[in-house]
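Participant: Below you will find the structure I want to go over with you.
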Amino acid sequence: MVTRRFVLSSLALATAAGALPFSLSAMSTAPNRPRLLIFDVNETMLDLSKLQQAVNQEFKSETAFKQWFALLLQYSLVDTVTGNYHNFGQIGDAAFDMLAQALGQPARPAARKKELLTLITELPPHPDIIPGLTALQKAGFRMVTLTNSPDATVQKQMAYAGLTGFFEQLLSIDSLKRYKPHPDTYRTTCERLKVAPAQTMLVAAHGWDTAGAQLAGLQAAFIARPGQQTYPLAPAPTLTGPTLPDIARQLLG
């Protein structure tokens, strides 16, 4: 007579030996298919090269854009930690003043800073984005954005890039007045869309963003854009790939 203990022992031995079929042995490690995909916008979907070139030319430095963007992110976190909220445009304006000071250059006039900041609403999508979004949309995924940019900015960005139609809602942190990666930004989005964090996946090209989402209970997919890294002290992303179609293939596989 075949006992239950014998069956369980046989399964354990077969798994250890790699004898189980792939579809069965992989079940424990495959991620749960998310019901909702939350997309970061800047750098993840939109190519910032146009803005990068303009900032570098303005400040006559090949590292000016990277310095400015780092200041933008750093002081958005300062605002979040201290509860002293300014929108991304205001922080970006202040970061230009700080950049000029760091480079020993005069502060730029307000009109010039506004011209530079306007470029963030006139950015094209990365070449892989429309094919990837199309595949995910055809597969029936619910998709929304979640960006640190203000509401009005993300509306303009998506319209300019031709991406609005892929998304159920275009969301930002503006109403919450806390910046990603604060856990409330992700959890509030899940609550708003009535999907549990564990059934939601953030898609982003920033290690700090995927870390924040996972530590808030979400799954995360990391698009490994050139120059971007994951945070070694955070959980590894659920999925990783060089492009959005690669992430989509993993989700659909």
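Participant: Which condition breaks for residue 66 when tested against (1) more than 21 Å from the chain's Cα centre (by Cα); (2) assigned to a helix (DSSP H, G or I)?
Facilitator: Just one mismatch for residue 66, condition (1).
Participant: Follow-up. Looking only at segment 94-112, count every residue that is outside any loop (DSSP other than H, G, I, E, B), free of Cβ contacts under 8 Å to residues at least 24 places away in the same chain and hydrophobic (A, V, I, L, M, F, W, C) and tell me the total. Steps first, answer last, please.
Facilitator: The initial filter retains those residues of segment 94-112 that are outside any loop (DSSP other than H, G, I, E, B), namely 94-102, 110-112.
Now restrict to residues that are free of Cβ contacts under 8 Å to residues at least 24 places away in the same chain: 94, 97, 101, 110-111.
Subsequent filtering for residues that are hydrophobic (A, V, I, L, M, F, W, C) retains 94, 110-111.
Summing the residues that are outside any loop (DSSP other than H, G, I, E, B), free of Cβ contacts under 8 Å to residues at least 24 places away in the same chain and hydrophobic (A, V, I, L, M, F, W, C) in segment 94-112 gives 3.
Participant: For residue 188, only one of the following conditions fails: (1) closer than 28 Å to residue 82 by Cβ; (2) outside any helix (DSSP H, G or I). What is its number?
Facilitator: Going through the list (1) closer than 28 Å to residue 82 by Cβ; (2) outside any helix (DSSP H, G or I), residue 188 breaks only (2).
Participant: Does residue 225 fit the bill of being surrounded by 16 or more Cβ atoms within 10 Å (Cβ to Cβ), outside any helix (DSSP H, G or I) and of a type in the set (Lys, Arg)?
Facilitator: Yes.
Participant: Residue 231: in a helix (DSSP H, G or I) and closer than 24 Å to residue 70 by Cα, yes or no? Break it down stepwise before answering.
Facilitator: Details: in a helix (DSSP H, G or I): no; closer than 24 Å to residue 70 by Cα: yes.
No, not satisfied.
Participant: Shifting gears a bit: Return a yes/no flag: does segment 70-93 have any residue that is of a type in the set (Gly, Ala, Ser), under 23 Å from the mean Cα position of the chain (by Cα), more than 22 Å from residue 156 (Cβ to Cβ) and outside any loop (DSSP other than H, G, I, E, B).
Facilitator: For segment 70-93, residues of a type in the set (Gly, Ala, Ser), under 23 Å from the mean Cα position of the chain (by Cα), more than 22 Å from residue 156 (Cβ to Cβ) and outside any loop (DSSP other than H, G, I, E, B): present.
Participant: Sticking with this structure for a sec: Surrounded by 22 or more Cβ atoms within 10 Å (Cβ to Cβ), of a type in the set (Val, Ile, Thr), in contact with a helix residue (DSSP H, G or I) (Cβ under 8 Å, 6 or more places away or on another chain) and closer than 26 Å to residue 135 by Cα, is that true of residue 203?
Facilitator: It is true that residue 203 is surrounded by 22 or more Cβ atoms within 10 Å (Cβ to Cβ), of a type in the set (Val, Ile, Thr), in contact with a helix residue (DSSP H, G or I) (Cβ under 8 Å, 6 or more places away or on another chain) and closer than 26 Å to residue 135 by Cα.
Participant: Oh, and also: Can you find even one residue in segment 157-164 that is surrounded by 20 or more Cβ atoms within 10 Å (Cβ to Cβ), assigned to a helix (DSSP H, G or I) and among the β-branched types (Val, Ile, Thr)?
Facilitator: Filtering segment 157-164 for residues surrounded by 20 or more Cβ atoms within 10 Å (Cβ to Cβ) gives 157-158, 161, 163.
Keeping just the survivors that are assigned to a helix (DSSP H, G or I) gives 157-158, 161.
Imposing the further condition that a residue be among the β-branched types (Val, Ile, Thr) reduces the set to none.
No, because not a single residue in segment 157-164 is surrounded by 20 or more Cβ atoms within 10 Å (Cβ to Cβ), assigned to a helix (DSSP H, G or I) and among the β-branched types (Val, Ile, Thr).
Participant: For the structure I just gave you, tell me whether residue 97 is under 23 Å from residue 206 (Cβ atoms) and in contact with a helix residue (DSSP H, G or I) (Cβ under 9 Å, 6 or more places away or on another chain).
Facilitator: no
Participant: Report whether or not residue 181 is over 22 Å from residue 69 (Cβ atoms) and not in a helix (DSSP H, G or I).
Facilitator: Considered against the rule, which asks whether it is over 22 Å from residue 69 (Cβ atoms) and not in a helix (DSSP H, G or I), residue 181 comes out as no.
Participant: Those residues that are part of a helix (DSSP H, G or I), touching a residue at least 12 places away in the same chain (Cβ under 8 Å) and farther than 28 Å from residue 243 by Cβ, I need them from segment 45-63; list them, please.
Facilitator: Selection gives 58, 59.
Participant: Another question, if that's okay. Spot the failing condition for residue 115; the list is (1) surrounded by 14 or more Cβ atoms within 10 Å (Cβ to Cβ); (2) under 17 Å from residue 65 (Cβ atoms); (3) without any contact (Cβ under 8 Å) to a residue 24 or more places away in the chain, and only one is missed.
Facilitator: Going through the list (1) surrounded by 14 or more Cβ atoms within 10 Å (Cβ to Cβ); (2) under 17 Å from residue 65 (Cβ atoms); (3) without any contact (Cβ under 8 Å) to a residue 24 or more places away in the chain, residue 115 breaks only (1).
Participant: Hey, residue 136 hits all of (1) surrounded by fewer than 17 Cβ atoms within 10 Å (Cβ to Cβ); (2) assigned by TED's automatic domain parsing to the domain that holds residue 204 but one; which does it fall short on?
Facilitator: Failing condition for residue 136: (1).
Participant: Residue check: is residue 238 among the polar types (S, T, N, Q), crowded, with 23+ Cβ neighbours inside 10 Å and touching a residue at least 24 places away in the same chain (Cβ under 8 Å)?
Facilitator: So residue 238 fails the test.
Participant: What do you reckon, is residue 171 under 21 Å from residue 73 (Cβ atoms), of a type outside the set (Gly, Ala, Ser) and more than 16 Å from the chain's Cα centre (by Cα)?
Facilitator: Spelling it out, it is not the case that residue 171 is under 21 Å from residue 73 (Cβ atoms), of a type outside the set (Gly, Ala, Ser) and more than 16 Å from the chain's Cα centre (by Cα).
The values are calculated or read from the model by the stated rules, or taken from the named source; none is laboratory data. Bear in mind the structure is a predicted one, so any value in this text is a computation, not a measurement. So basically every Cβ, Gly included, is an ideal-geometry build from the backbone, and we count neighbours across all protein chains shown.
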